[in-house]
1. List the relative contact order of chain B as a percent without decimals, with contacts defined as Cα pairs under 8 Å and 6+ residues apart.
2. Roughly what % of Cα-Cα distances in the stretch B:211-323 sit above 21 Å, to the whole percent?
3. Rg and Dmax of the stretch B:123-176, using alpha carbons, in Å: what are they?
4. In nm, to one decimal, how far is the A:S42 label point from the A:L56 one, both placed 7 Å along Cα→Cβ?
5. So which of B:K11/B:K297; A:K46/A:K121; B:K78/B:K196; A:K46/A:K195; B:K51/B:K196 end up more than 29 Å apart, counting from Cα to Cα?
6. Mind giving me the FRET efficiency for B:R87 and B:E114? R0 is 25 Å, r the Cβ-Cβ distance, nearest 0.05 is fine.
7. In deg cm²/dmol and to the nearest 500, what is the mean residue ellipticity at 222 nm of chain A if only DSSP H runs of at least 4 residues count, each as -39500 (n - 2.57), divided by the residue total?
8. Lys and Arg at +1, Asp and Glu at -1: add these up for the other residues within a Cβ distance under 15 Å of B:S241 and post the number.
Amino acid sequence: MSYLEVQDLRIAFQTHAGRFGAVNGIDLALERGEIFGLVGESGCGKTVTSLALMGLVPPPGEVTAARLTLDGIDLLGRRDWRDVRGRRVAMIFQDPAASLNPTFTLGEQLVHVIGHHLGQKGATARARAAALLVDVGLPDFERILRAYPHQLSGGMQQRAMIALALASGANFLIADEPTTALDVTIQAQILRLLKGLRDKHGLTILLITHDLGVVAQTCDRVGVLYAGTLVETATAVELFRAPQHPYTQGLLAALPRPGSRGTDLAAIEGQVPSGMTAVAGCPFAARCPQVFGPCRSARPILLEPVAGHGVACHLYTAQEAAS
Amino acid sequence: MTLLEVRGLSKAFAIRAGGFTRHWARVVDDVSFSLNAGETLGLVGESGCGKTTLARCILRIAEPTAGEIVFDGTDLVKLSRGALRARRSELAIVYQNPYLSLSPRLSVHDLVAEPLVTHTPLRGAALTARVIELLQAVGLSADDLRKRARQLSGGQAQRVAIARALALRPKLIVLDEPTSALDVSVQAQVLNLLVKLQRDYGLTYLFISHNLDVVQHMADRILVMYLGRVAESGPSAAVFSMPRHPYTLALLAATPEPDPTRPAPDIALEGNVPSPLGPPTGCRFHPRCSWAQDRCKAETPALRSMRAGHLSACHFAEALPGG
């Protein structure tokens, strides 16, 4: 059994204009201690998927799944999330300045979380807070503990946010675009820190990003989302070496690279479907350069033409049937 | 032919430090460069390096503290308000986020027509015809005329912003992170459009971006800024293949490549960008530079020529790896 198991996760929002399917049946399995990247463009459902793991999908969102377990604990239909949130799963976001409380010092925020989750108080809690800051690469902890968030740079704020996320003893970290607001040299520092924490503490990390470069440099395995469906999943090495799904291939081809100057980039024409109208076939069919017969009528299921490399595309369904 | 020549441009902001004490933050400090007609200059650097302020000074949205901006033979800094207004139509700007830069209350027609109404006698049917012509040039159509920005996707809205910038047939367009808010597949569409428009209309671009892969795809020449000063400049191919400033080396190393088999960057840049309020002495990059020596703390390096058109502001440019 995997550390995190998600089967047929669906998240829908009932709106005035109709039912909006944000996530339309995805399967994920994360092993302990791995960094799994969830990539996709705006609106593909990557953030709302992570919110479902914490029970934070806002109303009127409806979450259903065939199975949703973390470390053997059932997350489905749960009313009381207190022993999951913070204690087992912690989350960091894109903008650390918006996640930290501007009216308390970092010391106060850390001690509060440590007291709430671990019951430690006073000197014990402060010692743990200091150790956490050292752990996230802020050796100057005396100053940081007394500082308010606005007194720190963006990179230091994100480090402090990571310390706060780990303060409760969580060993599953959801990082939602953790470096998107940061400069590239600071991004490199934060990504190295996340990998270091995984190596040191065996942390499992779900990294949500739109940046394929970040995925390649950080993740062990990757899932590619498109319009609320998982279209491809593989190890990072495999995904970049031999992308199978036309959408993944399109994304990689659309990246400007050294040497691409003077040539047209291979843009994926068209727009992402709105999610308001249920698509009968493959959600990518309208933009797919290789679209054929069954794509517009039947929804492809995720198959593994190569072990460990899943792809939801009729090109491979046909292959499977033929063999 | 040189279209734009910037000489010794500086911009300082006064910051009140209590009472009558004032500090000056030199956000742009003695920047010089030139830009040939029909070329693209890529302006690169991290947050706070002064790249946006420099662009604003060139358009005289911000008033420079010192220096000359010779645009097509005239020094824009010396122009009176009236004379500047007459020349404004030759310069245009496209911002990062079209939903913020385009008025939410105006229709696409009115957004694109606005500069034409202000600067030309076009009205009525002739005005609409010109608006449709501009929309077609950026890949939109007359069907979009009555929409508002929020009804458009990010890529479509950015196309409207580009049409608006094109309206007065400018010679120079400042593109300030024009694709940073867009998804990868849409970014490719917009970059392809910008290249095509440059070819069709003989446009000159000042392309500001923090994404080195995008800049490398777009720019003929590169200007790397650090804390308000030029660190390095030169032909794109030379700067990317043989960077002659440690900061450029660090930026390149920190950029995550979409290739997991490439080892993680080894030249890691520690620390944060210092405040322009009290910039480091000597070379402003020395506190973060792994090649820094005593001389770097004392002596400000001048911008020196390495080879044809390739300039570096590093005392030890010749000794850097790759040379």
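1. Relative CO of chain B lands at 19 percent.
2. Details: 2283 of 6328 pairs.
Result for the distance tail: 36 percent.
3. When restricted to Cα atoms, the stretch B:123-176 yields Rg and Dmax of 11.3, 32 Å.
4. Taking the two extended label points, one gets 2.1 nm.
5. Over 29 Å apart, Cα to Cα: A:K46/A:K121; B:K78/B:K196.
6. 0.85
7. Per the formula, -9500 deg cm²/dmol.
8. Residues close to B:S241 contribute a combined charge of +2.
We did not get these values from a lab; they are worked out from the coordinates using the rules stated. Predicted, not measured: the structure shown is a model, and the values here were computed from it. Note: ideal-geometry Cβ built from the backbone for every residue, glycine included; neighbour counts use all protein chains shown.
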